[in-house]
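Q: Okay, handing you the structure first.
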Amino acid sequence: MAIPTLLTRSIELSSALGVDYLALGFVISSEGLVTFPESKKLAREIEIELGLVFADELSFFAPSARAGEIYEIPVSAPGVKCERVIFIGLGKQTLGDLRLAGAALGRKMRPSEKSLFNAAVTSQKGIRAHALAMLLGAFQWNMKTGQKRQLRGKWYLTDNCVADIESANVIGKAVWLARELIHTPSNIKTTAWLAAQAKKLDRDACLKVKILAGKELTQFGGLLAVGGSSPKPGPRMVEISYAPRGSQSWPHVVLVGKGITFDTGGISLKRPYDLMIAMKSDMAGAAAVLATISALPQIQPKVRVTALLMCAENSLSATSQRPSDVITQYGGTTVEIINTDAEGRLVLADGLAYADAKLNPDYLVDIATLTGAATLGLGRQYAAMYTRDATLAKKLSALGETSGDRVWHMPLIDDYVKSLDSDVADLNHNASAAKFSAGSVTAALYLEKFVGRRKWVHLDIAGPGRSESDAGEYSKGGTGFGVRLLIDWIAGLS
Ligand code: BES
Ligand code: MN
Ligand code: ZN
């Protein structure tokens with residue numbers, strides 16, 4: 001679907017009433033009055049023009065002004081184009097509330113809705129979050145024939161905060177891109193297809209894209225072991241770099257994303273089978289790093305960034321790896337395969353080891369739909385974040401709250417490292433669950449073996465990477481989790 005753009009325009013009476021639909025945010029003050037923060041004057045002028053008292057109209061509904069609550073009233077005033085006023089509750093106007101309100105408004109803009117908007121924006125405090133949430137709430141994906149692919153109308157926002165709205169447009173576009181990739185079904189989304197999507201970024205002068213396949217991957221034993229299960233087209237590693245002129249002296253961030261285009265579990269087949277349906281989303285980490293780097297040419301941070309997409313399908317076939325196989329990860333570590341459904345750590349480990357050996361990163365970040373255990377622990381609202389760097393953890397936790405991609409700092413528990421011991425290889429890749437539990441922690445400990453002495457962060461997004469329903473800024477399916485967080489973090493490093 002075509003990605004929408006928010007436009008800015010000074011919202012005055014003439015422009016507000018010159019569109020079909022008008023949106024106004026409202027709150028309920030302590031005296032129980034309905035008010036329109038920061039657009040009070042405009043609201044008053046519109047009331048006069050339409051011959052209405054908004055508080056009276058709203059009192060008919062007994063509104064609570066909960067964030068995201070929506071009421072629509074039809075209007076018909078002679079000589080006025082506006083046919084409907086939409087009220088959105090702003091709650092207590094916290095960032096979270098403004099996001100919920102924006103998302104509710106965004107849903108009204110979906111192609112399946114009849115909408116043409118002039119949204120007179122209601123709060124300038126959180127306008128970036130609010131505007132971005134509008135874009136995210138509007139997202140819809142399907143392959144229905146005859147479905148409109150374009151959002152209706154033009155969306156105007158106040159011109160008071162042009163830079164914030166521009167930023168929302170850039171990030172919104174990136175999140176949409178991630179979501180489109182995640183939603184694409186796996187029969188279309190082969191590893192070659194995913195690499196080809198990345199290759200499109202090559203058109204931008206600031207981005208370079210390199211695709212490794214076949215013999216070029218000889219040293220990438222994890223990628224080969226997993227991706228060999230689906231030899232046509234086989235695994236790919238995509239390396240995208242943002243390195244504008246002069247960037248050699250800037251900090252270097254390497255992002256590694258899990259790009260499993262479908263996860264059947266392999267020979268250790270995923271059960272119950274229903275669990276598998278969601279596994280087209282198992283490349284959400286790769287989608288997040290691709291989308292993040294795609295936005296950088298517009299943001300121009302003084303940070304060098306390399307994204308590694310570790311792409312493979314974990315399939316069930318005669319060429320699948322077997323439980324008890326021993327493979328060699330990039331850099332030479334041998335690994336005893338226990339459960340072929342723990343494939344994510346195998347492809348990530350190659351990427352991390354390669355980054356450590358070849359790319360000299362100042363920060364090494366991986367993002368992956370890695371373990372069901374992370375979802376068990378934290379649910380779907382927070383990603384599990386692992387790092388030994390307390391400063392970085394604090395920073396990312398704070399940015400998680402402001403960006404909306406929230407992360408929870410989890411412990412790398414040294415006592416559990418011995419769960420990675422193997423009788424026959426350097427490591428076993430699946431800490432025997434019965435003895436240690438903590439599946440998300442032991443997966444992180446496995447990855448840590450491959451990061452050398454780098455400043456490293458691991459984000460397990462198995463929970464928030466996918467939403468089972470339309471909720472807040474998330475639409476059902478892939479959420480694009482991580483894009484907002486990573487972009488805000490990188491932009492702040494320069
Ligand atoms: N892709 C899954 C993790 C997952 C589960 C993501 C549910 C999103 C929703 C991963 O490859 C996996 O299968 N992990 C196993 C690891 C286990 C075999 C050690 C898991 O979590 O059960
Ligand atoms: Mn798996
Ligand atoms: Zn997986």
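Q: Mind checking which aspartates and glutamates have their Cα closer than 15 Å to the Cα of LYS144? Skip sequence neighbours fewer than 8 apart in that chain.
A: GLU180
Q: Mind ordering 251-261, 396-406, 226-236 by average Cβ neighbours within 10 Å, highest first? Please list the in-between numbers first.
A: Working: 251-261: 28.5, 396-406: 19.9, 226-236: 22.1.
Packing order, densest peptide first, comes out as 251-261, 226-236, 396-406.
Q: Along the charge dipole of segment 176-492, Cβ charges K/R +1 and D/E -1, which of GLY221, VAL441, LEU399 sits furthest on the positive end?
A: Towards the positive end, the residue furthest out is LEU399.
Q: On to the next question. What share of the DSSP beta bridges in the chain is antiparallel, in percent to the nearest 5? Working shown, then result.
A: Numbers: 30 of 71 bridges.
Given both bridge residues lie in the chain, the antiparallel proportion sits at roughly 40 percent.
Q: Quickly work out the GLN300-to-SER30 label distance, labels modelled 7 Å from Cα along the C-beta direction, and quote it in nm with one decimal.
A: Taking the simple label geometry, SER30 and GLN300 are separated by 4.6 nm.
Q: Using 15 Å as the cut-off for backbone N distance, which residues of segment 61-97 belong to the label zone defined by a point 7 Å from the Cα of LEU52 along Cα→Cβ?
A: 61-63, 70-89
Q: Further question: Where in segment 445-462 is the amide nitrogen less than 19 Å from a point lying 7 Å along the Cα-to-Cβ axis of LYS418?
A: Residues 445-446, 449 qualify, since their backbone N sits under 19 Å from the label point.
Q: Among DSSP beta bridges lying fully in segment 5-138, give the percent that are antiparallel, nearest 5. Don't jump to the answer; show the numbers that get you there.
A: Values: 7 of 16 bridges.
DSSP beta bridges in segment 5-138 are roughly 45 percent antiparallel.
Q: Taking a probe of 1.4 Å, how large is the accessible area per residue of the chain, in Å²? Let's see the in-between values first.
A: Working: 19920 Å² over 494 residues.
Here the per-residue accessible area is 40 Å².
Q: Next up: So which of LYS280/LYS302; LYS215/LYS270; LYS215/LYS455; LYS81/LYS108 end up more than 25 Å apart, counting from Cα to Cα?
A: Details: LYS280/LYS302 34 Å; LYS215/LYS270 30 Å; LYS215/LYS455 31 Å; LYS81/LYS108 19 Å.
Among LYS280/LYS302; LYS215/LYS270; LYS215/LYS455; LYS81/LYS108, the Cα-Cα distance tops 25 Å for LYS280/LYS302; LYS215/LYS270; LYS215/LYS455.
Q: Here's a follow-up. Defining a contact as two alpha carbons under 8 Å apart and six or more residues distant in sequence, what relative contact order in percent does the chain show?
A: Numbers: 1174 pairs, mean separation 72.0, N = 494.
Taking the mean separation of contacting Cα pairs over the length of the chain, I get 15 percent.
Q: Additional query: Using 0.36 nm per residue of separation minus the Cα-Cα distance, give me the extension gain between SER397 and LYS199 in nm, one decimal.
A: Working: separation 198, 0.36 × 198 = 71.28 nm, distance 3.20 nm.
Separation in residues times 0.36 nm, less the Cα-Cα distance, equals 68.1 nm.
Q: Take ARG9 and ARG453, extend 7 Å from each Cα along the Cα→Cβ direction, and tell me the distance between the two endpoints in nm.
A: 5.9 nm
Q: When you count, for each residue, the other Cβ atoms within 10 Å and take the mean per peptide, how do 364-373, 26-35 rank with the highest first?
A: 364-373, 26-35
Q: For a protection proxy built on the mean count of beta-carbon atoms within 10 angstrom, sort 417-423, 285-291, 471-477 highest first, please.
A: Numbers: 417-423: 14.7, 285-291: 32.0, 471-477: 21.0.
Packing proxy ranking, top to bottom: 285-291, 471-477, 417-423.
Q: With +1 assigned to the C-beta of every Lys and Arg and -1 to the C-beta of every Asp and Glu, and no other charges, what is the dipole magnitude of the chain about the Cα centre in debye, to the nearest 20? Before the final figure, lay out each step's value.
A: Details: 55 positive and 48 negative charges, 206 e Å.
Roughly 980 debye for the chain.
Q: What are the ³J(HN,Hα) couplings of segment 168-174, residue after residue, when phi is run through the Karplus curve with 6.51, -1.76, 1.60 and θ = phi - 60°? Round to Hz, x for glycine and proline.
A: Using θ = phi - 60°, the values come out as 4, 4, 5, 6, x, 4, 5 Hz.
Q: Local charge sum around PHE54 (other residues, Cβ-Cβ under 11 Å, Lys/Arg +1, Asp/Glu -1)? Provide the component values of the computation, followed by the final result.
A: Working: positive: LYS40, ARG44; negative: GLU47, ASP56, GLU57.
Neighbour charge sum, excluding PHE54 itself: -1.
Q: How large is Rg/Rh for the chain, to two decimals, with Cα atoms and a Kirkwood Rh? Before the final figure, lay out each step's value.
A: Numbers: Rg = 24.2 Å, Rh = 23.6 Å.
Over the Cα atoms of the chain, Rg/Rh equals 1.03.
Q: Taking the Cα centre of segment 5-138 as the origin, how large is its charge dipole in debye, to the nearest 20, when only Lys and Arg (+1) and Asp and Glu (-1) carry charge on their Cβ atoms? Each step should come with its number before you reach the end.
A: On the way: 15 positive and 14 negative charges, 115 e Å.
Dipole magnitude for segment 5-138 comes out near 560 debye.
Q: Could you compute the net charge surrounding ASP421? Neighbours are other residues with a C-beta less than 14 Å from the C-beta of ASP421; K and R count +1, D and E count -1. Don't jump to the answer; show the numbers that get you there.
A: Values: positive: LYS418, LYS435, LYS449; negative: GLU336, ASP414, ASP415, ASP423, ASP426.
So the surrounding residues net to -2.
Q: Enumerate the calculated ³J(HN,Hα) couplings along segment 468-475 in order (Karplus 6.51 cos²θ - 1.76 cosθ + 1.60, θ = phi - 60°), each rounded to whole Hz, writing x wherever the residue is Gly or Pro.
A: In residue order, the calculated couplings are 7, 8, 6, 8, x, 6, 8, 9 Hz.
Q: Only Lys, Arg, Asp and Glu count, each charged at its Cβ (+1, +1, -1, -1), so figure out the dipole size of segment 50-115 about its Cα centre, rounded to 20 debye. Let's see the in-between values first.
A: On the way: 9 positive and 7 negative charges, 65 e Å.
With Lys and Arg at +1 and Asp and Glu at -1, about 320 debye.
Q: Quick one: pull the percent of accessible area on the chain belonging to carbon and sulfur, 1.4 Å probe, ligands and nucleic acids left out. Could the numbers behind the result be given before it?
A: Working: 10400 of 19920 Å².
Result for the chain: 52 percent of the exposed heavy-atom area is carbon or sulfur.
Q: Taking θ = phi - 60°, what integer Hz values does the Karplus form 6.51 cos²θ - 1.76 cosθ + 1.60 yield along segment 203-213, in sequence order, with x for Gly and Pro?
A: Karplus values, whole Hz, x for Gly and Pro: 4, 7, 4, 7, 10, 10, 10, 10, 10, 9, 8.
The values are calculated or read from the model by the stated rules, or taken from the named source; none is laboratory data. These numbers were taken from a predicted model, which means no experiment stands behind them. Cβ: placed from backbone, ideal geometry, glycine included. Neighbour counts: every protein chain shown. In case anyone asks, the SASA skips ligands and DNA or RNA and just uses the protein heavy atoms, side chains included. Shrake-Rupley method; radii C 1.70, N 1.55, O 1.52, S 1.80 Å.
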